[in-house]
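Values in this text are rule-based calculations from the coordinates and carry no lab data. All of these numbers come straight from a predicted model, not from anything done at the bench. Virtual Cβ from ideal backbone geometry, glycine too; neighbours counted across all protein chains shown.
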Amino acid sequence: MTEKDLKIRKQWLALLVIMPILNVAYNGYYFMNDPSMELMPVWYKNTFVSFVIFGSLIFNYLLYRCAYNKPGTKFLSVLLVLTPLALAGGIWGYVSGRVPMPTNPLLWGYTWVANGMAILWFVLNWKMRAINKRLQKLRVLAQ
């Protein structure tokens, strides 16, 4: 692997760690501070955030295992399809009015940061997939 490949892999891994932390922080802040959530019982909020944390840990471990530890391409290929769909769905929700625009400046800022990170995630997944394809070819040739 080249220095550039190692740098891309490190960036991908860093983003893999940062994204769920921001997601959990957002969900925690949203559930504790949004006026529409005041009627929800505390146990429901805590249970939901716990499921988000648990789901993020499982998903990220599987992704780490399938794309970083053992350089595979299938999971990354699926993410190359799902990431733009999720981003487009979120934008469509705001444009169509089905999802209310955040009025809190912190949540508004998070929305922009999350969309930017989704675009970066897509680009890094694309590059990571190319690196992993090369690594797979090298392993086949080495055998």
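At an R0 of 30 angstrom, the distance between the Cβ atoms of Asn104 and Asn60 translates into a FRET efficiency of 0.65.
Three semi-axes describe the equivalent ellipsoid of region 75-143; taken as square roots of 5 times the Cα gyration tensor eigenvalues and ordered largest first, they are 36, 12, 6 Å.
Calculation over all alpha carbon pairs of the chain in 5 angstrom steps from 0 returns a P(r) of 2, 8, 15, 18, 18, 14, 10, 7, 4, 2, 1, 0, 0 percent. Taking a straight Cα-Cα cut-off under 27 Å and skipping sequence neighbours fewer than 8 places away in the same chain, the lysines within cross-link reach of Lys127 are Lys4, Lys7, Lys10, Lys70, Lys74, Lys137.
Mean residue ellipticity at 222 nm, helices only, the chain: -28500 deg cm²/dmol; runs of at least 4 DSSP H residues each add -39,500 (n - 2.57), and the sum is divided by the number of residues. Gain on full extension, evaluated as 0.36 nm per residue between Asn115 and Glu38 minus their Cα-Cα distance, stands at 25.0 nm. Once backbone amide H atoms are built at 1.01 Å from N, Val99 has Tyr94 as its partners under 5 Å, excluding neighbours fewer than 5 places away on the same chain.
Taking a straight Cα-Cα cut-off under 19 Å and skipping sequence neighbours fewer than 8 places away in the same chain, the aspartates and glutamates within cross-link reach of Lys45 are Asp34.
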